[in-house]
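This report concerns only the one structure given below.
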Amino acid sequence: MRYTLSLSQQNALRLGLVFVLFEILAALAVGYLLMLPMARRATADLTGLMVLSAQTWSELPPATRPAFERELLASHGLTLIQEPPVGEPAVVWQSPYLHELQARLAGRVGKPVDMVSLDRDDAPWVWVSLPAGGRTLWLGFPASRIGPRPLVAAGITLVAGLLLAGLTACWLGQRIVAPIRRFDDAAATLGRGETPALLPETGPRELAALARRFNRLARQVQDLLEARTTLLAGLSHDLRTPLARMRLALEMQQRRPGRVWVERLEREIEEMNRLVGDVLGLARGLGLEQPVPVEVCDLLEELARPVREAGAEVRVRCSPLALRAPPGALRRVLGNLLANAQRYSRDGALELRAEIVGTTWRVGVLDRGPGIPSEQMEAVFRPFHRVDASRSPATGGTGLGLAIVRQLAQANGWQVWLENRREGGLAAWVQVPIASADRPG
């Protein structure tokens, strides 16, 4: 099985690589722009001091030389001897500083100089031979005088940086992985058909936006599951009524044959067919349909024509408007709202109104019916919910018309709502984003 790094491990690896690259670049910049110029200046000063000290010592009277040697050690940390130094060889890193010092001394005296490292007083010393006054003098200084140790400093900072990068990556990984794990648990719960707890919509902007979308999706899935349950329960309930009446009609047909029982059977079959058709329409409500240009005024006139022929009064008030929308979905939404208004309107006076309000376009179906109690404004969009408790198709329909309207509106990004009119009656509005609509030029 292929091993896959966790998010924390991947972040640690990336941060470590970035830090190593940064450390290399920083070391190069500090070395060439800061330490190298300082080392050259320091070696130049030490070179001049050592050459001058050797020349001065050779020119002094022998009686004053010991005092000069003591002053040189006390003031400048240099020891001057006439014989080659003795002692155990010491391990001293041949830093660029020592190489630069040896090169500068050779340049000052005009020939190569010897440089050795020996232990003195349990500490490593560096000795350099310098010609002066016809003899060779040895000047030494402790290796600790060199001071800067760039490789040690680079190694320490590299190790500390990698450790800090790893700890930071683990901390960031936990901060990022924790909400992802919550998403995973919630998605698994949703996949089992259960209702997950809503995710906290806090934290970074991207995670908060993702949590909002997931919560919206969870609520929509829950609504769909509830709608499915309601749909199946309502369908089974509503089918029992015409089936019972059909059974009664068949028994009466056997006892007292007559055309009236056959006509009743035909009506019950038609009612069942209408109910099944509405259920299939609700199930197909999320089918995608390509938007095409639609002349809103022509569509409203077309919907109003059969209603007028049925004897109802329908007035169309429409601002000239061209709309890109799925024609079948728009026609069905408005048709269902118009049929619902026609069923409940007292005097048959209906109005279709299309207008632009602010930055939105909306079309309304207005009637003079009894209206709907405010507490049922949202409930009527649920499948098989009827304001009329009698559940009679003659007065309340199948209870699926507004459910189909809401489902089609949601599938196409529209908004639909109901409101009672102040002058009496109900107004059903469908709102479409203004980007989908254009005024004709």
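Please work out if residue 126 is of a type in the set (Val, Ile, Thr) and at pLDDT 80 or above. It is true that residue 126 is of a type in the set (Val, Ile, Thr) and at pLDDT 80 or above.
Close contacts from region 367-384, counting a first residue that is among the acidic types (Asp, Glu) and a second that is modelled with pLDDT of 80 or more and in a loop (DSSP other than H, G, I, E, B), with Cβ to Cβ under 6 Å and a gap of 6+ residues or different chains, come to 367/425.
Rundown of residues vs (1) surrounded by fewer than 16 Cβ atoms within 10 Å (Cβ to Cβ); (2) modelled with pLDDT of 75 or more; (3) not polar (S, T, N, Q), yes/no style:
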| position | (1), (2), (3) |
| --- | --- |
| 271 | no, yes, yes |
| 282 | no, no, yes |
| 285 | no, no, yes |
| 296 | no, yes, yes |
| 308 | yes, yes, yes |
| 314 | no, yes, yes |
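If you take the residues of region 107-138 that are open to solvent by 60 Å² or more (accessible area, probe 1.4 Å) and part of a strand (DSSP E or B), which of them is nearest to residue 73 (Cα to Cα)? Looking at the filtered set, the residue picked out is 120. Checking each residue in region 57-86 for being farther than 17 Å from residue 118 by Cβ, open to solvent by 50 Å² or more (accessible area, probe 1.4 Å) and of a type in the set (D, E, K, R) picks out 59, 69, 70, 71.
Yes or no, residue by residue, for (1) at pLDDT below 85; (2) open to solvent by 40 Å² or more (accessible area, probe 1.4 Å):
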residue: 383; (1), (2): yes, no
residue: 408; (1), (2): yes, no
residue: 430; (1), (2): no, no
residue: 435; (1), (2): yes, yes
residue: 438; (1), (2): yes, yes
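Table: residues versus (1) in contact (Cβ under 8 Å) with a residue 60 or more places away in the chain; (2) not in a loop (DSSP other than H, G, I, E, B).
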{"position": "12", "(1), (2)": "yes, yes"}
{"position": "19", "(1), (2)": "yes, yes"}
{"position": "25", "(1), (2)": "no, yes"}
{"position": "33", "(1), (2)": "no, yes"}
{"position": "36", "(1), (2)": "yes, yes"}
{"position": "51", "(1), (2)": "yes, yes"}
{"position": "73", "(1), (2)": "no, yes"}
{"position": "86", "(1), (2)": "no, no"}
{"position": "99", "(1), (2)": "no, yes"}
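The values are calculated or read from the model by the stated rules, or taken from the named source; none is laboratory data. None of these values were measured; they are calculated from a predicted model. In this analysis, Cβ positions are derived from the backbone assuming ideal geometry, glycine residues included, and neighbour counts consider all displayed protein chains. Ligands, DNA and RNA are stripped out before the accessible areas are found, and what is left, the full protein with its side chains, is counted by its heavy atoms. Shrake-Rupley method; radii C 1.70, N 1.55, O 1.52, S 1.80 Å.
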